[in-house]
Amino acid sequence: MIEAPSYPHAYEALRAAGARLMTVGVSAGGPGEHASTRGWDETGLVQTLQRSNPVLGYLMPDFHNPTGQSMPEGQRERVLAAAARAGTVLIADETIAELAIDRIGDFLPFAAYADADRPGTAVSIGSVGKTVWGGLRIGWIRAERPLIRRLVSARLAGDLGTPILEQLIVTQLLGDMPAILARRSAELRQGRDHLEALLADRFPGWQVPHVDGGVTAWVNIGSPVSSQLALAARNHGLVVPAGPQFGIDGAFERFLRVPFCYSPGEMDRAVHALGLAWDSLLRHPVPDTGYLADVV
C-alpha cells in the first residue's frame, strides 16, 4: 500500500522488489477548501487494509512529499490500529518530519501512536539528507530488534557498509540539531512565503496550497499539461518534475511539484523560466477533454 501521489523512488524501489501496488489518495486541498477535504482518504486507506491485507504500507505522515500534508493525531491512531488488525507493517518515512515551519501542535513520531500490545506494526526511517545537507547520505531505521537483525543480515548482500567519515560527521552534528532545525525552519518559512507570492503574481489562476512544513508545494495548474510544461521549462534552463512522476499510470497531469527550499534569487529565476514555459504552452493550447478531470 502506498500513497498517491508519493515519492517516485519509493514506487520504483517497491516495484523492483516485486510488489503489487495499491494506492491511497492524499490531497493538498486548495484555497477556500475545507480542511476536511485535505490529507489522507482515511476511508479508502482503512478499506484497503481490511480488504487487501497488504504485507507492507509506505506512508509519509509528516509534511507528506509532495503535498506537504500532516496526518492528524487521531487519524494516526486509527490507521495504525487498522494496520495491526490486518497484519500490515507500516513504514513511516520521517525524512522530512522535522522540517516544521509553523505547524500548530506537538506531533510525536508516527510509531508512538501504535498500540504497545501490538509491537512491530510501525517501522520508522529517517535521514539527514533534508535536515542537514543532501550530500550526507546517512539514514537510519527504527524497528523491533528481530526485524533489525534481519535487515542487517540482508544488507550484507547489497553493500559493504556506510561510509565512516559521513557517519562521524553526522554524529558530531546531532548535538546541534535543535539549532540546525531552527535555522532550517526560518529559511523554509522565507522560501515558502516568497514562492507563494511569486506564484500568485505570475500565475493567478493556479491553486497554491499553504503548507506548514516540508520543502515543496503541490500546485494545481488547472490544465492537464504538467508533462508538457516540464518539457517546455527545460528549454528555458529549468528542470522541474512533472506531476505524473509522483503517481501511477499517468495521473496528476494537473499538478506540479514546486520546491521552496532554494534562495529567493534562485526561486525568482525559476518562476521566471516557468512563466516563459507556460506562455509558450498558452500560444499552443491543448484541448481539455475533461477525461479523469475529477481524479487527476
Checklist entry - Do we find that VAL240 is closer than 16 Å to LEU195 by Cβ and in a loop (DSSP other than H, G, I, E, B) in this structure? => result yes
Restricted to the stretch 230-271 and to residues being of a type in the set (A, V, I, L, M, F, W, C) and over 26 Å from GLN190 (Cβ atoms), the residue surrounded by the most Cβ atoms within 10 Å (Cβ to Cβ) is PHE252
Residue pairs within 9 Å by beta carbon, gap of at least six or interchain, first lying in the stretch 1-24 and farther than 24 Å from LYS130 by Cα and at pLDDT 95 or above, second assigned to a strand (DSSP E or B) and of a type in the set (Phe, Trp, Tyr), listed first then second, are MET1/TYR58; VAL24/TRP40
Next on the checklist: Taking the criterion of being surrounded by fewer than 19 Cβ atoms within 10 Å (Cβ to Cβ), in the same structural domain as ALA13 (by TED's automatic domain parsing) and under 21 Å from the mean Cα position of the chain (by Cα), would at least one residue in the stretch 156-172 satisfy it?
Outcome noted: no
*asked:* Residue under question is GLY161, and the condition is that it be in contact with a Gly (Cβ under 9 Å, 6 or more places away or on another chain), without any contact (Cβ under 8 Å) to a residue 40 or more places away in the chain and part of a loop (DSSP other than H, G, I, E, B); does it hold?
replied: no
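Pick out the one residue from ILE101, ILE138, ILE148 that is more than 27 Å from ARG38 (Cα to Cα), in contact with a helix residue (DSSP H, G or I) (Cβ under 7 Å, 6 or more places away or on another chain) and of a type in the set (Val, Ile, Thr). Please lay out each step first, then the result.
On the way: ILE101 fails: more than 27 Å from ARG38 (Cα to Cα); ILE148 fails: in contact with a helix residue (DSSP H, G or I) (Cβ under 7 Å, 6 or more places away or on another chain).
When all the criteria are applied, what remains is ILE138.
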With criteria (1) buried (at least 21 other Cβ atoms within 10 Å of the Cβ); (2) out of contact with any Gly (no Cβ under 9 Å at 6 or more places or on another chain), GLU77 comes up short on (1)
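Counting only residues that are without any contact (Cβ under 8 Å) to a residue 60 or more places away in the chain and among the polar types (S, T, N, Q), which one in the stretch 212-228 is surrounded by the most Cβ atoms within 10 Å (Cβ to Cβ)? Lay out the reasoning, then the answer.
Pass one, the stretch 212-228, residues without any contact (Cβ under 8 Å) to a residue 60 or more places away in the chain: 219, 221-222, 226-228.
The next check asks that each one be among the polar types (S, T, N, Q); those that pass are 226-228.
Numbers: SER226: 25, SER227: 17, GLN228: 17.
Applying the filter and picking the extreme gives SER226.
Is it the case, given these coordinates, that PRO72 is closer than 25 Å to ARG118 by Cα, surrounded by 16 or more Cβ atoms within 10 Å (Cβ to Cβ) and under 17 Å from the mean Cα position of the chain (by Cα)?
On the way: closer than 25 Å to ARG118 by Cα: yes; surrounded by 16 or more Cβ atoms within 10 Å (Cβ to Cβ): yes; under 17 Å from the mean Cα position of the chain (by Cα): yes.
Considered against the rule, which asks whether it is closer than 25 Å to ARG118 by Cα, surrounded by 16 or more Cβ atoms within 10 Å (Cβ to Cβ) and under 17 Å from the mean Cα position of the chain (by Cα), PRO72 comes out as yes.
Answer yes if at least one residue in the stretch 87-109 is under 23 Å from ALA10 (Cα atoms) and assigned to a helix (DSSP H, G or I), and no otherwise.
Pass one, the stretch 87-109, residues under 23 Å from ALA10 (Cα atoms): 87-100, 109.
Those left that are additionally assigned to a helix (DSSP H, G or I): none.
Checking the stretch 87-109: not a single residue is under 23 Å from ALA10 (Cα atoms) and assigned to a helix (DSSP H, G or I).
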Quiz item: Is one or more of the residues making up the stretch 126-135 at pLDDT 95 or above, part of a helix (DSSP H, G or I), of a type outside the set (Ser, Thr, Tyr) and under 19 Å from ASN65 (Cα atoms)?
Solution: no
For SER153, the lone unmet condition from (1) surrounded by 12 or more Cβ atoms within 10 Å (Cβ to Cβ); (2) at pLDDT below 95; (3) of a type in the set (Gly, Ala, Ser) is (1)
Scanning the stretch 179-194 for residues that are under 19 Å from the mean Cα position of the chain (by Cα) and more than 19 Å from ASP268 (Cβ to Cβ), the one surrounded by the fewest Cβ atoms within 10 Å (Cβ to Cβ) turns out to be LEU181
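The values are calculated or read from the model by the stated rules, or taken from the named source; none is laboratory data. Bear in mind the structure is a predicted one, so any value in this text is a computation, not a measurement. Cβ atoms come from the backbone with ideal geometry, glycine included; neighbour counts cover every protein chain shown.
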